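The values are calculated or read from the model by the stated rules, or taken from the named source; none is laboratory data. This one's a predicted model, so the numbers in the text were calculated from it and none came from an experiment. All Cβ positions, even for glycine, are placed from backbone atoms using ideal geometry, and neighbour counts span all protein chains on display.
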Amino acid sequence: MPLPKAELHLHIEGTLEPELAFALAARNGVPLPYAHTDELRKAYQFDDLQSFLNLYYELMAVLRTEQDFEDLANAYLPRAAAQGVRHAEIFFDPQAHIARGVAMGTVVEGLWRALGRSTENHGVSTQLIMCFLRDESAESALETLEAAKPYLDRIIGIGLDSAEVGHPPAKFREVYEAAAALGLRRVAHAGEEGPPEYITEALDVLGVERIDHGLRCMEDDALVERLVRERVPLTLCPLSNVRLRAVDVLAEHPLPAMLDAGLLCTVNSDDPAYFGGYVADNFHAVRDALGLDQERMRELARNSFVASFLEHDEERRARYLAEVEAYDFPGRP
Ligand SMILES: [Zn+2]
């Protein structure tokens, strides 16, 4: 039985495996420029953020109907359950779909057909976080929030993703203020390839409660102290960092130093179909590459539930945390 954990940094579009991409392409009559799944899987071997994003957006063309989004989520959930995930806070990128003529309602209702029954069907509680594409305009983000208003009972919060450099958090001040007024939780990608100042800006200008990635905080001691003092969770994605060259090799990942500094770190999978592993694979990879012991692994699992947006159901959080404390590691951690 795998270590129980929450997944807090997972883009549902990034769970699209080549087999499902081909199945949906066939169902919807969408041509793909790949002869078969092996050729597509080879294309998943990109070497920087832009080449990843190009493929990521290209493949989204196969997602057209509510059924497609339901199938996408229903493919992820059993994989997550098998990786020990008890709770998942799942990102989606509505602008990437709306730009292709797929309505907000199609995306949200489709995902919800799977997520609304995820606890009963897969033993995984789920929440949905709507991300804005930071390389799109602030006006587009505001329009997207407006389009989401009929579906806010299905969406717990907002996030900010896609190409970071040149798109500082402050660009989205207005939409984050509007979202806060609607009672939405707020997170943002910051300090992945962007500088530590973007982390500070996300906290001060956008009022975020968690930082997605955030590993570049380690370049600024005062910022690290602040993140520790304010108990700001960081959702790290180690295999993603290696694939997108945020770190050269996993053995050089700053995770151990971050934990030693007292940061509230969590380990997540980001876009697992593309980055070579789901969340338990990330846990195992850091354990092996960085020599993390069982208590460090337990700390990462504990942090994932501490950092979860479960304030509306503290009983559930307490149950998950008790599971982590009671977990018996198998012969090998
Ligand atoms: Zn991400």
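Observations, loosely collected:
- Residue check: ALA222 meets all listed conditions (1) within 13 Å of the ligand (Cβ to nearest atom); (2) without any contact (Cβ under 8 Å) to a residue 24 or more places away in the chain; (3) among the hydrophobic types (A, V, I, L, M, F, W, C) but one, namely (1).
- Of the candidates ALA43, ALA80, ALA99, the single residue that is of a type in the set (Gly, Ala, Ser) and within 26 Å of SER304 (Cα to Cα) is ALA80.
- Across the range 274-288, the qualifying residues are those that are modelled with pLDDT of 95 or more and under 20 Å from LEU49 (Cβ atoms), and the one among them that is nearest to the ligand (Cβ to nearest atom) is ASN282.
- Per the listing ARG229, ARG216, the residue uniquely over 23 Å from GLN50 (Cα atoms), free of Cβ contacts under 8 Å to residues at least 60 places away in the same chain and either more than 16 Å from the ligand (Cβ to nearest atom) or touching a Gly at 6+ places or on another chain (Cβ under 9 Å) (or both) is ARG229.
- When ASN303 is tested against the conditions (1) within 16 Å of the ligand (Cβ to nearest atom); (2) over 14 Å from the mean Cα position of the chain (by Cα), the lone failure is (1).
- Residue among VAL187, VAL175, VAL208, VAL165 that is over 28 Å from SER51 (Cα atoms), touching a residue at least 12 places away in the same chain (Cβ under 8 Å), within 16 Å of the ligand (Cβ to nearest atom) and of a type in the set (A, V, I, L, M, F, W, C): VAL208
- Restricting attention to the range 1-40 and to residues that are within 26 Å of CYS131 (Cα to Cα) and of a type in the set (D, E, K, R), the residue that is farthest from the ligand (Cβ to nearest atom) turns out to be GLU19.
- Conditions (1) crowded, with 22+ Cβ neighbours inside 10 Å; (2) modelled with pLDDT of 95 or more: number failed by LEU259: (1)
- Number of residues in the range 262-273 that are more than 16 Å from the ligand (Cβ to nearest atom) and in contact with a Cys (Cβ under 9 Å, 6 or more places away or on another chain): the value is 1.
- Count - residues of the range 117-144 that are aliphatic (A, V, I, L, M) and more than 19 Å from the chain's Cα centre (by Cα): 2
- Residues of the range 87-116 satisfying the condition of being of a type in the set (D, E, K, R) and within 15 Å of the chain's Cα centre (by Cα): GLU89, ASP93
- Residue in the range 62-78 that is among the small types (Gly, Ala, Ser), within 16 Å of the ligand (Cβ to nearest atom) and either part of a helix (DSSP H, G or I) or more than 30 Å from TYR198 (Cβ to Cβ) (or both) present: no
- Checking each residue in the range 307-320 for being of a type outside the set (Gly, Ala, Ser) and surrounded by 18 or more Cβ atoms within 10 Å (Cβ to Cβ) picks out PHE309, LEU310, ARG317, TYR320.
- Residues (small (Gly, Ala, Ser) and either within 16 Å of the ligand (Cβ to nearest atom) or touching a residue at least 60 places away in the same chain (Cβ under 8 Å) (or both)) located in the range 232-261: SER240, ALA246
- ALA163 being among the small types (Gly, Ala, Ser) and surrounded by fewer than 21 Cβ atoms within 10 Å (Cβ to Cβ): yes
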